[in-house]
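Engineer: Here it is: the structure, laid out below.
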Amino acid sequence: MTSKKILLGITGGVAAYKAAELTRLLVKAGHSVEVVMTESATRFVTPATFQALSGHAVYTDLWDERPSNAMAHIDLSRRADVFLIAPATANTLFKLAHGACDDLLSTLAAARACPLIVAPAMNRQMWDNPPNQRNMAQLRADGVAVFGPANGAQACGETGEGRMLEPEEVAELLEGFFCAKVLAGKKVLLTAGPSYEAIDTVRGITNISSGKMGYALARACRDAGAEVTLISGPTGMEAPLGMRRVDAASARQMHDAVMAEVGQSDIFISVAAVADYRVKNPSAHKIKKGATPPTLELEENPDILATVASLPAAPFCVGFAAESQNLLEFAEAKRQRKKLPLLVANLAQQAMGADDNQVALLDRNGPHPLPSMPKPDVAKAIVEHLAKLLPQNQ
Ligand code: CTP
């Protein structure tokens, strides 16, 4: 994300402590952060903390005379690219939904010329409280973006929905907020990670795919405005925010999960490193060491991508080709064999498990090579390219 001017509003909940880390992360990412706090927020955390972390004066008072025209309520949000309120308490959300202007923070929200984002934080019963849900519906209808809340342990000792997202999560969603919404309204189905074919109850055949490329693409699609379903092999990674994840270990489980979802999808992106073969007769018990080594008999797995691409009403299909030699030649042959409008070619030994990737995008106009980049940047480039190839954009 290019450097943005962020006005960070902090309201009076215990999650206010998370705003300190959030400020640090945003400043570290190169953004300019100005902080405005409600009176109640200053009971939990001090303005001095945010002054030190943001490098700017902190505002709490509607009558603050420091802005050049002495109009803090207009000045602060007029010079911001976005007004992010994190944490946003139930009381603040109520005030925002009704246009209240009884302190600096609420007045800034009413007088702003930039988008408003709220990250709610409250007890689960307060979150579920019908008036609060009405306020949230009103805010969404007014075009306010809502980050979270998360489900989990709460300061009061209860567990449920209402926790503020973690600072890293808010920062990640904020980055996505500024992305061009080139996939708005699209449903994207994606596979990612390795597959696992059982040999016996404790052993199996898998590969060194980390899932990083697939997860980065899932996030890039989400940030481009798509509704994403991620079918994931065993990666050990957290499910990315703002999408549904379905776990599938073997190629056949992945195949079944994809076929159950594909009817509702506009785009299918097959990033998973799926095993071409599985063990024919996996043992129901751990195989014991014997005098002769066991022999594994293999049988072919379904090719998920080829199956989806040849459906009568196939979604727009994007494949990956992991080759170890003759990259462009082998990849183009694969693209044509699997009937794909777009294929991402990469060298297996360079790409799998790594943080960076160098790919070439192959479509009917030939190869489009990209430089080596971190996988999240590769993912953004793929999404931009694929959006241009969608039938309605041709
Ligand atoms: N793929 C799939 N199902 C399989 C095998 C592969 O959906 N059983 C998909 C992968 O997700 C990828 C593409 O097909 O998008 C190509 O995978 P790759 O392993 O490069 O090629 P294969 O088709 O397996 O061919 P080969 O192993 O001969 O290179």
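The values are calculated or read from the model by the stated rules, or taken from the named source; none is laboratory data. This is a predicted model, so every value here is computed, not measured. Note: ideal-geometry Cβ built from the backbone for every residue, glycine included; neighbour counts use all protein chains shown. What goes into the accessible areas is simple: the full protein's heavy atoms, side chains included, and nothing from ligands, DNA or RNA. Shrake-Rupley method; radii C 1.70, N 1.55, O 1.52, S 1.80 Å.
Engineer: Filter the stretch 254-272 for residues that are within 16 Å of the ligand (Cβ to nearest atom) and either under 24 Å from Glu384 (Cβ atoms) or modelled with pLDDT under 95 (or both) and give the result.
Structural biologist: From the stretch 254-272, those within 16 Å of the ligand (Cβ to nearest atom) are 254-262, 265, 267-272; that's our starting set.
Residues satisfying the conditions are Val262, Ser265, Ile267, Phe268, Ile269, Ser270, Val271, Ala272.
Engineer: Which one of Ala52, Ala80 is in a loop (DSSP other than H, G, I, E, B) and closer than 17 Å to Ile6 by Cα? Explain how you work it out, then say what you get.
Structural biologist: Details: Ala52 fails: in a loop (DSSP other than H, G, I, E, B).
Of Ala52, Ala80, the one residue that is in a loop (DSSP other than H, G, I, E, B) and closer than 17 Å to Ile6 by Cα is Ala80.
Engineer: So which residues in the stretch 111-139 are surrounded by 15 or more Cβ atoms within 10 Å (Cβ to Cβ), more than 20 Å from Phe44 (Cβ to Cβ) and among the small types (Gly, Ala, Ser), if there are any at all?
Structural biologist: Across the stretch 111-139, the qualifying residue is only Ala111.
Engineer: Here is a list: Val27, Val35. Which entry is part of a strand (DSSP E or B), touching a helix residue (DSSP H, G or I) at 6+ places or on another chain (Cβ under 9 Å) and farther than 26 Å from Cys156 by Cα? Step through it out loud before you land on a result.
Structural biologist: Numbers: Val27 fails: part of a strand (DSSP E or B).
Step by step, each of Val27, Val35 is checked, and only Val35 is part of a strand (DSSP E or B), touching a helix residue (DSSP H, G or I) at 6+ places or on another chain (Cβ under 9 Å) and farther than 26 Å from Cys156 by Cα.
Engineer: Report whether or not Ala20 is among the hydrophobic types (A, V, I, L, M, F, W, C) and surrounded by 20 or more Cβ atoms within 10 Å (Cβ to Cβ). Step through it out loud before you land on a result.
Structural biologist: Working: among the hydrophobic types (A, V, I, L, M, F, W, C): yes; surrounded by 20 or more Cβ atoms within 10 Å (Cβ to Cβ): no.
No.
Engineer: Condition test on Ala100, is it in the same structural domain as Asn123 (by TED's automatic domain parsing), outside any loop (DSSP other than H, G, I, E, B) and among the aliphatic types (A, V, I, L, M)? Full working, then the answer.
Structural biologist: Values: in the same structural domain as Asn123 (by TED's automatic domain parsing): yes; outside any loop (DSSP other than H, G, I, E, B): no; among the aliphatic types (A, V, I, L, M): yes.
The answer is no for Ala100.
Engineer: Which pairs have Cβ atoms under 6 Å, sit 6 or more apart or on different chains, and link a residue in the stretch 229-242 that is in contact (Cβ under 8 Å) with a residue 24 or more places away in the chain to one that is open to solvent by 50 Å² or more (accessible area, probe 1.4 Å) and not in a strand (DSSP E or B)?
Structural biologist: Every condition considered, the pairs that remain are Pro234/Tyr196; Pro240/Arg219; Leu241/Glu169.
Engineer: From the set of residues in the stretch 288-313 that are at pLDDT 95 or above and more than 33 Å from the chain's Cα centre (by Cα), which is nearest to Val344 (Cα to Cα)?
Structural biologist: If we take residues in the stretch 288-313 being at pLDDT 95 or above and more than 33 Å from the chain's Cα centre (by Cα), then Glu300 is nearest to Val344 (Cα to Cα).
Engineer: Report, by residue number, each residue of the stretch 163-188 that is more than 14 Å from the chain's Cα centre (by Cα) and part of a strand (DSSP E or B).
Structural biologist: Once the filter is applied, which keeps residues that are more than 14 Å from the chain's Cα centre (by Cα) and part of a strand (DSSP E or B), the stretch 163-188 yields Arg163, Lys187.
Engineer: Grab the strands (runs of 3 or more DSSP E) fully contained in the stretch 267-356, keeping just those with 3 or more residues being closer than 30 Å to Val378 by Cβ, among the aliphatic types (A, V, I, L, M) and open to solvent by less than 30 Å² (accessible area, probe 1.4 Å).
Structural biologist: Ranges flagged: 342-347.
Engineer: What's the number of the only condition in (1) more than 22 Å from Met122 (Cα to Cα); (2) within 30 Å of the chain's Cα centre (by Cα) that Thr89 fails to meet?
Structural biologist: (1)
Engineer: From the list Ala184, Ala220, Ala224, which one is aliphatic (A, V, I, L, M), surrounded by fewer than 18 Cβ atoms within 10 Å (Cβ to Cβ) and at negative phi?
Structural biologist: Numbers: Ala220 fails: surrounded by fewer than 18 Cβ atoms within 10 Å (Cβ to Cβ); Ala224 fails: surrounded by fewer than 18 Cβ atoms within 10 Å (Cβ to Cβ).
After applying the criteria, what remains is Ala184.
Engineer: Which one of Thr92, Thr107, Thr60, Thr42 is of a type in the set (S, T, N, Q) and crowded, with 23+ Cβ neighbours inside 10 Å?
Structural biologist: Values: Thr107 fails: crowded, with 23+ Cβ neighbours inside 10 Å; Thr60 fails: crowded, with 23+ Cβ neighbours inside 10 Å; Thr42 fails: crowded, with 23+ Cβ neighbours inside 10 Å.
Exactly one of Thr92, Thr107, Thr60, Thr42 is of a type in the set (S, T, N, Q) and crowded, with 23+ Cβ neighbours inside 10 Å, namely Thr92.
Here is a yes/no grid of residues against (1) in contact with an Asp or Glu (Cβ under 9 Å, 6 or more places away or on another chain); (2) at pLDDT below 95; (3) within 12 Å of the ligand (Cβ to nearest atom); (4) not assigned by TED's automatic domain parsing to the domain that holds Gly233:
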site: Asp247; (1), (2), (3), (4): no, no, no, no
site: Ala322; (1), (2), (3), (4): no, yes, yes, no
site: Glu332; (1), (2), (3), (4): no, no, no, no
site: Leu347; (1), (2), (3), (4): yes, yes, yes, no
